[in-house]
1. Of the conditions (1) within 14 Å of chain B (Cβ to nearest Cβ); (2) in contact with a Ser or Thr (Cβ under 8 Å, 6 or more places away or on another chain); (3) closer than 30 Å to A:Ile80 by Cα, A:Leu179 fails just one. Which one is it?
2. Being surrounded by fewer than 18 Cβ atoms within 10 Å (Cβ to Cβ) and closer than 20 Å to B:Thr138 by Cβ is the filter here; which residues of segment B:164-185 pass it?
3. Restricting attention to segment B:31-75, which residues are hydrophobic (A, V, I, L, M, F, W, C), out of contact with any helix residue (DSSP H, G or I) (no Cβ under 7 Å at 6 or more places or on another chain), away from every other protein chain (no Cβ under 13 Å) and open to solvent by less than 20 Å² (accessible area, probe 1.4 Å)?
4. From (1) part of a helix (DSSP H, G or I); (2) crowded, with 18+ Cβ neighbours inside 10 Å, pick out the condition that doesn't hold for B:Thr95.
5. From the residues in segment A:98-146 that are of a type in the set (Gly, Ala, Ser) and within 14 Å of another protein chain (Cβ to nearest Cβ), which one is surrounded by the fewest Cβ atoms within 10 Å (Cβ to Cβ)?
6. Within the group A:Leu30, A:Leu52, A:Leu40, A:Leu77, which residue is touching an Asp or Glu at 6+ places or on another chain (Cβ under 7 Å) and either within 30 Å of A:Gln199 (Cα to Cα) or modelled with pLDDT under 95 (or both)?
7. Answer yes or no: is there a residue in segment B:147-163 that is open to solvent by less than 10 Å² (accessible area, probe 1.4 Å) and at pLDDT 90 or above.
8. Give A:Leu198, A:Leu189, A:Leu172 a once-over and let me know the one that is in the same structural domain as A:Tyr129 (by TED's automatic domain parsing), among the aliphatic types (A, V, I, L, M) and within 13 Å of A:Leu37 (Cα to Cα).
Protein chains: 2
Amino acid sequence: MSDNFEKLISPLEKEIDDLLPSISVDCVILGYKNQQLKVLLLQWKHSGKWALPGGFVRRNENLDDAAQRVLEQRTGLSKIFLKQFHTFGSLERSTIKQIDAGYKALIDFHKQNKKVYEWINNRFISTGYFALADIRKTHPIPDAFSQKCEWKPITAMPDLILDHNTITEKALDYLGVQLNYLPIGLSLLPQKFTMQDLQKLYEAILGRSLDRSNFQRKMLKLGMLVRKEKLMTGAANKAPYLYSFNRAVYKKLLQEGIGFSY
Amino acid sequence: MSDNFEKLISPLEKEIDDLLPSISVDCVILGYKNQQLKVLLLQWKHSGKWALPGGFVRRNENLDDAAQRVLEQRTGLSKIFLKQFHTFGSLERSTIKQIDAGYKALIDFHKQNKKVYEWINNRFISTGYFALADIRKTHPIPDAFSQKCEWKPITAMPDLILDHNTITEKALDYLGVQLNYLPIGLSLLPQKFTMQDLQKLYEAILGRSLDRSNFQRKMLKLGMLVRKEKLMTGAANKAPYLYSFNRAVYKKLLQEGIGFSY
């Protein structure tokens with residue numbers, strides 16, 4: 001009974017008429033904690049499969065605002081760095097719906113509701129956005145279709161529905177290419193961090209290791225780091241310095257590209 | 001009479017049922033000639049206004065293929081470097097249709113054909129692609145709505161319909177940021193070129209002048225240029241050298257970013 005009831009009040013049903021057909025958004029929300037780059041994922045109720053947070057675009061809503069809405073709903077945060085990176089429009093996105101176990105379960109669940117069933121079977125072109133969030137400040141919230149909303153390290157990503165693994169990889173590629181033009185460190189690191197924290201972040205995004213002394217020398221030369229006290233955890237002579245960003249210098253450098261070569 | 005007849009056979013009418021609603025593509029096709037960066041534009045029949053080449057996406061067509069189709073139809077070329085750069089999805093794109101003189105003329109022209117009239121009045125989210133074409137090899141062809149298809153220098157762009165000027169600027173911004181990752185020189189320059197040709201191309205994309213000796217020194221250091229004979233036009237002692245690209249080195253450098261700093 002309660003199951004049937006849920007079918008009748010599918011959260012999509014009452015929204016469909018107000019949505020733009022054929023268009024959706026998907027968000028790759030990135031965070032950084034314990035020297036690991038992480039992505040915020042949803043676990044779907046009807047299949048247990050994981051997915052990127054996403055949604056549809058309202059007829060009276062800007063595309064960017066739709067992504068911002070999804071981001072706020074999942075993280076509870078409004079002032080997050082958000083940027084569009086690619087639009088996914090292959091025909092395969094539709095045909096895969098019929099063979100993807102995660103999506104198939106969602107389709108089957110809505111079989112008796114013609115309107116929702118047809119809507120989710122439509123071909124959608126999806127615009128991908130990535131966001132840089134401070135994990136320490138987020139409060140992940142599942143959406144109506146999900147049972148969990150969690151941060152997963154990019155080095156141990158589960159199998160995602162449809163082309164969501166591809167979308168995630170493309171976001172990371174884009175981030176690597178645009179590294180010099182995006183406030184990566186400013187958005188993902190805590191206010192004070194060690195040089196190693198910063199290097200591990202760059203390495204996670206670039207997907208390769210960097211030479212420690214070269215990294216430190218080049219970073220300091222840019223003039224956007226301010227040296228603070230030492231991080232006292234072990235022996236004083238081995239304690240690393242903490243750094244923070246000089247925001248004004250950082251933002252000025254971003255305008256023409258930081259000019260950091262790896 | 002012939003005017004009414006044209007209204008009846010609007011090229012859109014028979015296609016609409018096969019098109020995906022809400023989605024379009026616009027192409028910023030760039031070329032380089034006489035040390036000028038140029039964009040391929042269409043002049044619309046019904047208003048004389050200029051527009052980027054664009055089109056709709058067929059229900060059975062990949063988004064990228066729609067852009068490729070537009071590109072081939074306008075330039076007559078199939079093997080051109082084409083890349084998506086941004087999707088334009090603001091609500092303003094629709095509201096501007098009613099006040100933009102160029103688009104208004106198109107709407108008015110189709111007033112008696114309800115199907116076409118409603119279609120062109122719809123809200124469209126448009127994915128922008130840019131292409132790098134060799135002007136010397138293209139044969140610009142107007143589409144069904146246009147009377148002219150011409151290369152215009154980016155330093156003297158006419159007023160374009162809707163948000164097409166914005167789309168063009170965004171393409172150039174993207175090109176500037178991605179300069180180290182795109183085969184700009186390889187796609188836009190003739191097989192042999194002078195160092196000045198190359199520098200002017202970079203300057204046109206970056207929108208600022210670069211120091212001549214620094215540019216030459218850094219470019220040569222990358223190892224992707226091969227020095228050829230001198231270009232003999234004036235006094236032999238002032239004749240500049242011609243260069244060509246070492247394609248293998250160029251393509252290898254592109255993979256991790258050329259690493260050229262300006």
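1. For A:Leu179, the failing item is (2).
2. Selection gives B:Pro183 alone.
3. B:Leu41, B:Leu42, B:Val70, B:Leu71 - these are the residues of segment B:31-75 that are hydrophobic (A, V, I, L, M, F, W, C), out of contact with any helix residue (DSSP H, G or I) (no Cβ under 7 Å at 6 or more places or on another chain), away from every other protein chain (no Cβ under 13 Å) and open to solvent by less than 20 Å² (accessible area, probe 1.4 Å).
4. Among (1) part of a helix (DSSP H, G or I); (2) crowded, with 18+ Cβ neighbours inside 10 Å, B:Thr95 violates only (2).
5. In the first step, residues of segment A:98-146 are kept if they are of a type in the set (Gly, Ala, Ser); the result is A:101-102, A:105, A:126, A:128, A:131, A:133, A:144, A:146.
Of the ones still in play, those that are also within 14 Å of another protein chain (Cβ to nearest Cβ) are A:126, A:128.
Numbers: A:Ser126: 23, A:Gly128: 26.
The selected residue is A:Ser126.
6. That would be A:Leu52, the only listed residue that is touching an Asp or Glu at 6+ places or on another chain (Cβ under 7 Å) and either within 30 Å of A:Gln199 (Cα to Cα) or modelled with pLDDT under 95 (or both).
7. yes
8. A:Leu172
The values are calculated or read from the model by the stated rules, or taken from the named source; none is laboratory data. Every value quoted in this text rests on a predicted model; they were computed, and no experiment measured them. Cβ atoms come from the backbone with ideal geometry, glycine included; neighbour counts cover every protein chain shown. Accessible surface areas use protein heavy atoms only, side chains included; no ligands, DNA or RNA. Shrake-Rupley method; radii C 1.70, N 1.55, O 1.52, S 1.80 Å.
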